[in-house]
C-alpha cells in the first residue's frame, strides 16, 4: 500500500489513495479516545463524498484510527439540545441524508470494523456495500438507541431488516443487544471476519471483489415487504406488552411504528419523532447514560495506577469462582486458591460454560480457560498484582487468612476483600499496611451485574483506592467508591425494601401480587423472588446486621426453621423447579403497594448520601440503578423523588393561576 497526499484536509478525517486507487478514509476525532458522529463529523463526511463525486476512487474503505474501536455512535451531548421539534428533525435528517448518499455512490464501499461499532457507527457501516470485521474480543456491533429511549434514525431501521432479516433485526433494535464478531458473521451482519494482521489486505480484496450485496432471503426477506410488516409488528407488540405492560418505555413501540408504517424513515413521522426525542423517559435514560459515563470516569488510570496482569482469588465458592472466571474472561491471568479442591474443580467447570458462551471459537474458549489456574497452595500470591479474598463472612477467619497471605505479597500488590457486610476497620487489624486494604464488592451473578462497590475508609490510601477503581474498570465493570459502613450502599438500601416486602407477606398479601407490583413498577424482578434468589439465610444474616432494631418477620423465621432457603434448596417463599419459581395467578394487588415498598429504599438512600457513604445523590442513583436494576426510566430513586417533590410544590401555584384565569 503506497502513501499519497491527503486531498481532503479535514479535521476529523484523514484520507489517502493507495496504488490500487482505493481511497482510505480514516475517522480520527481529535482530543478524544473514541469516535462519535457529531454534526461536524457528518458535515465533513458529506464534504468527502463531494470530493469523491469528482474524483471517483476504485473503492472507498472507511475505518477508524482509534484503538478503542470503529465508532461509538452519535454525540450524546448534542441530544440534550433537542428542545424543539425542528432541532430533532434536523438532527435525524443530517445523518439520514448523508448515509443514504453513501449507500448509492457508484463505487464500492467497505466499513473496516474493529472494536465497538455502535448506534450511528453501525448505521454508517450498514450504508456501505460491504462490512469486514476484525476478529478481536472487543469487536461488537449494536443499535443501542432503545436503551437511551430513542431509535435508530439514520437508516438502521430501514437497512438492517433487509440485510439480516426481520426477526434478527427487530431483536437487535428492540433490545439494544450487543452482537459479538462471530455471531455477526453468522447473522450476515458482516461479510467476513479476519485476523488483525490480514485486515487491510482483506479489505482491499473485498472492496474490489464485485461480490453481490448481501440481503436477507426466504421468509425473513419476505417479512420485510410492506404488506407483511404489520404482521411482524403485531407479534413484537404482544411481546412488548408482556415485558412492559405499563408502557414505561415508548421507544420500542416507536421503532416498530417507524419500521412497519414508514419503512424505517423517521422523517415521515415527525410527530412521533418529536414525542420520543423529547419524552421524559428519553431524558431520564440519557441521564442514566451520563451516570454510567461518570462511573466509568472513576476508573481511569493515573500516574499512580498500573494495569493489573495477575489476579489471585482466595475462595472458590460461588462468588470467588465467578470473580476468578470473569477476570480470566477479561484477559487476566488468574490463580484460584481454596483448601477444597472440589470447589476449585466446580468453579473451573462453571467458568468453562461462561467461556464457551462468550467464544464461539473453541480455541479462544480454551485459551481463556488456560488463564484460570487452580492454585490450592497459594503459589500465585507472590506474583499477583491484586489479591481478592472471597471466603465466608467471618471476621476472625478473614484476619487469620490475611496474616498468612501478607508476608508473600509483592510490595506493590493490593489486598482486597469481597465482603458484603463486614467493615474494613474490623478486618484490617494486624495488617502492616492497613491503609492499602480495600473492599472490592462484586454482586451475584458476577458476569451480568455491571456494578462493583470499591470500599474505603477515611484514611485509605487514595492511590490504593484509585488502583482498585482502575482494576474494576479494566475488567469491564463500573466502579462505585463507597465508605466502609454496614451494607455500603446497595445492600443498605435493599435491606429495608426487602423487610417491607416481608411485612406485606406477614399481613397476608399474596407473594405473586407483591412481586407483580414491583415488576409493573419496572424492577427486573420482585423482592420476594429476589430474596429467594439471594438465599433466605443470607437475607437473614444481612438483615440482622443492617436492621438490628427490626423484628425478624414471621414469614422468614418460619422458612429458616424448615431450612427452606430459596432457590438453592428448591423451596423458599416460592417452590422452585428447573431454576424457575412456581407462581400462582396474581390476585388482588393493593393500591400504592409499589410506593409503599419503594419508600424505605428511598429513605435509606437519602440517609447514605447524608452520611457520606457515597459522594452525592447522583452517584447514589447510579449505584442503585446498576447494582439493583432499579427502573432506569425513572432516572433513579432520588432523582425521581426530587422530581415528584418539585411537581407537588408547583401544583398549588398552578391551581392558583388556573383559578385566577
Neighbours by Cβ (under 7 Å, 6+ apart or cross-chain): first from the stretch 363-380, without any contact (Cβ under 8 Å) to a residue 40 or more places away in the chain and not assigned by TED's automatic domain parsing to the domain that holds residue 322; second buried (at least 17 other Cβ atoms within 10 Å of the Cβ) and in a strand (DSSP E or B)
none
Among the candidates 242, 312, 304, residue that is under 30 Å from residue 440 (Cα atoms) and either in a helix (DSSP H, G or I) or in contact with a strand residue (DSSP E or B) (Cβ under 8 Å, 6 or more places away or on another chain) (or both):
312
In this structure, is residue 587 out of contact with any helix residue (DSSP H, G or I) (no Cβ under 7 Å at 6 or more places or on another chain) and in contact (Cβ under 8 Å) with a residue 24 or more places away in the chain?
no
Specify the residue that is farthest from residue 105 (Cα to Cα); the eligible residues are those in the stretch 39-67 that are surrounded by fewer than 17 Cβ atoms within 10 Å (Cβ to Cβ) and under 27 Å from the mean Cα position of the chain (by Cα).
67
Starting from residues that are surrounded by fewer than 16 Cβ atoms within 10 Å (Cβ to Cβ) and not in a helix (DSSP H, G or I), keep the ones in the stretch 338-373 and report whichever is nearest to the chain's Cα centre (by Cα).
360
Just to be sure, is residue 550 without any contact (Cβ under 8 Å) to a residue 60 or more places away in the chain and either surrounded by fewer than 21 Cβ atoms within 10 Å (Cβ to Cβ) or within 30 Å of residue 295 (Cβ to Cβ) (or both)?
yes
Could you please find all residues in the stretch 560-585 being on the phi > 0 side of the Ramachandran plot, touching a strand residue (DSSP E or B) at 6+ places or on another chain (Cβ under 8 Å) and in a loop (DSSP other than H, G, I, E, B)?
570
Would a scan of the stretch 635-657 turn up a residue that is buried (at least 22 other Cβ atoms within 10 Å of the Cβ), at pLDDT 90 or above, assigned to a helix (DSSP H, G or I) and outside the structural domain of residue 513 (by TED's automatic domain parsing)?
yes
Some residue of the stretch 635-648 being in contact with a strand residue (DSSP E or B) (Cβ under 7 Å, 6 or more places away or on another chain) and either within 25 Å of residue 285 (Cβ to Cβ) or touching a residue at least 60 places away in the same chain (Cβ under 8 Å) (or both)
no
Looking only at the stretch 474-489, how many residues end up being in a helix (DSSP H, G or I) and either without any contact (Cβ under 8 Å) to a residue 24 or more places away in the chain or buried (at least 24 other Cβ atoms within 10 Å of the Cβ) (or both)?
0
Suppose the filter is within 37 Å of the chain's Cα centre (by Cα), without any contact (Cβ under 8 Å) to a residue 40 or more places away in the chain and surrounded by 19 or more Cβ atoms within 10 Å (Cβ to Cβ); does residue 13 pass it?
yes
For the stretch 87-104, does any single residue satisfy the condition of being part of a loop (DSSP other than H, G, I, E, B) and either in the same structural domain as residue 330 (by TED's automatic domain parsing) or touching a residue at least 12 places away in the same chain (Cβ under 8 Å) (or both)?
no
For the stretch 439-455, state whether one or more residues are farther than 30 Å from residue 138 by Cβ and in contact with a strand residue (DSSP E or B) (Cβ under 6 Å, 6 or more places away or on another chain).
no
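The values are calculated or read from the model by the stated rules, or taken from the named source; none is laboratory data. All values derive from a computational prediction rather than experimental measurement. Every residue, glycine among them, receives a Cβ derived from its backbone with ideal geometry; neighbour counts consider all protein chains shown.
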